[in-house]
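The numbers here are math on the coordinates, done by the rules we state, and not lab data. All values derive from a computational prediction rather than experimental measurement. Here the Cβ positions follow ideal geometry from the backbone for every residue, glycine too, while neighbour counts run over all protein chains shown.
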Amino acid sequence: MVLARASWCCRAPTLRTSFGVCTTNANLLTGPAVVPLRSLTVPPAAARAGFARRAAWSTLRVLIHLIDYVFGYWLRVRPLLVRSGLVVFDRYIDDMLVDPKRYRYGGPMAWLRAARRLAPNPELQLILDAPEHVVLSRKQEQSPEELGRQRVEYRRLGAGQKFSVLIDAS
């Protein structure tokens, strides 16, 4: 089972479930890391204070990350799934579509949408949804207006994907 949203954390311990079945677990954070890259994310406050990268550089980074997702799926994720492993991503290309400013993306949005269509789909994507005031009570990284915009975008993305499940996180 793959819970969508992003990268490789380089841990694969064996876990024993309550049923006595051994499974392999891999915690993935921002990508499979087949292509050695620095983290794609930037802390939200720094990203909003910073500048977007040039369109050519942003487009090249998306292409590199797409290569990482595709080859990483076949070289790292798929072998774990074949051995009944659980692979969890906490970020995925969808995050770049919803909040390109956080990733300092300055290229065309069409490239991100194309990369999302070409990237391997997860078996299951959990989208945590909470009202803006609930999120603000936990973290004050973004304005209520930006949180509302992102909430609408995540709902829209999830509605168009049969593997997405919206969970009330309030």
On a full-extension model of 0.36 nm per residue, what is the gain between Leu86 and Phe163, subtracting their alpha-carbon distance, rounded to one decimal in nm?
26.1 nm
Dipole magnitude of the range 46-146 about its Cα centre (Cβ charges: Lys, Arg +1; Asp, Glu -1), debye to nearest 20
500
Express the C-alpha Rg of the range 69-170 as a ratio against the empirical globular expectation 2.2 N^0.38 Å, rounded to two decimals.
1.19
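How much length is gained on full extension from Leu128 to Ser143, taking 0.36 nm per residue of separation minus their Cα-Cα distance?
Length difference between fully extended and current span is 3.6 nm.
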